[in-house]
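Below is one structure; the comments refer to it alone.
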Amino acid sequence: MSRNKSVTLSRRTVIKGGILLGTAIAIGVMPTKILQAEEKVGVGEGVATNPKMQVGFSYDEGKCIKCEACVKTCQANYKWETEAPWRKLLKNSEGDSLSMSCNHCADPACAKVCPVAAYSKRESDGIVIQNSAKCVGCGYCTYACPYHAPNIQKQLGAVSKCHFCYQLQDAGNVPLCVGVCPTQALTMGDMKELSKKGDLNYKGLPNTDITHPSMIAIPKE
């Protein structure tokens, strides 16, 4: 599941390696468009800030009944392609599970590598937002994210991801996935408080030191 090494790659290194040129051809984006974006100076730098508060998700595996309501509600409302999910319920043969979307990391790798500054991190709550209208479909962020959160929507020809239902939060509501969970296995809160209960160094996931994800997971007993 981990793509730890890709986090340390520069945009130029990845292009020289031919990785994203192949991706670009596959999704129909002109390589010259990516290279022009690559030549822009300073874009994508300094996106990771010190927000006033960092909100995050909490997943309690012991409470999860694997109904996938969080996944289904998200897809029904935001119309993402099944092959490019905003949220997924990960399960293994041993019966373990984990509901995961974008982790709105304190140090988001996606924002660091984006050549067109399509990512921003809100100062008020630390939510990481991706602007698909700016995206050129190069796929840098999909390689950089150790949690596989950003994905290229084929019909759109651009990347999209979970935005933590920030518009609902601005109106005083909770994200759809949190609101629909029948057992409150999936909740949200201030990471200062959530981090007292756990972290995401969990069942083989990438080391949290890479991006400092804004999510905790509580294993079942």
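The C-beta contact set for region 180-206 (first residue under 15 Å from residue 99 (Cα atoms), second residue basic (Lys, Arg) and surrounded by 12 or more Cβ atoms within 10 Å (Cβ to Cβ), distance under 9 angstrom, 6+ apart or interchain) comprises 180/72; 181/63; 183/63; 184/63; 185/63; 186/63.
Please determine, by comparing only the residues of region 53-67 that are among the aliphatic types (A, V, I, L, M) and more than 10 Å from residue 194 (Cβ to Cβ), which one is most open to solvent (accessible area, probe 1.4 Å). So the residue we want is 65.
Mind checking which residues of region 120-145 are more than 11 Å from residue 108 (Cβ to Cβ) and not polar (S, T, N, Q)?
Answer for region 120-145, where residues must be more than 11 Å from residue 108 (Cβ to Cβ) and not polar (S, T, N, Q): 122, 123, 125, 133, 134, 135, 136, 137, 138, 139, 140, 143.
Note on region 107-139: residues that are closer than 10 Å to residue 159 by Cα and without any contact (Cβ under 8 Å) to a residue 60 or more places away in the chain amount to 7. When region 163-195 is limited to residues that are within 18 Å of residue 85 (Cβ to Cβ), not aliphatic (A, V, I, L, M) and not in a helix (DSSP H, G or I), the one that is farthest from the chain's Cα centre (by Cα) turns out to be 181. Would you please list the contacts, defined by Cβ atoms under 6 Å and residues six or more apart or on different chains, that run from a residue in region 140-152 that is at positive phi to a residue that is surrounded by 24 or more Cβ atoms within 10 Å (Cβ to Cβ) and of a type in the set (Val, Ile, Thr)? Here the result reads none, with nothing in region 140-152 linked to a residue that is surrounded by 24 or more Cβ atoms within 10 Å (Cβ to Cβ) and of a type in the set (Val, Ile, Thr).
When region 83-99 is filtered for residues that are open to solvent by 30 Å² or more (accessible area, probe 1.4 Å) and among the hydroxyl-bearing types (Ser, Thr, Tyr), only 93 remains. Scanning region 126-162 for residues that are part of a loop (DSSP other than H, G, I, E, B) and open to solvent by less than 40 Å² (accessible area, probe 1.4 Å) yields a count of 16.
The values are calculated or read from the model by the stated rules, or taken from the named source; none is laboratory data. Please read these numbers as outputs of a predicted model, since none were measured by experiment. Counting neighbours? That spans all protein chains shown, and the Cβs are built from the backbone with ideal geometry, glycine included. Ligands, DNA and RNA are stripped out before the accessible areas are found, and what is left, the full protein with its side chains, is counted by its heavy atoms. Shrake-Rupley method; radii C 1.70, N 1.55, O 1.52, S 1.80 Å.
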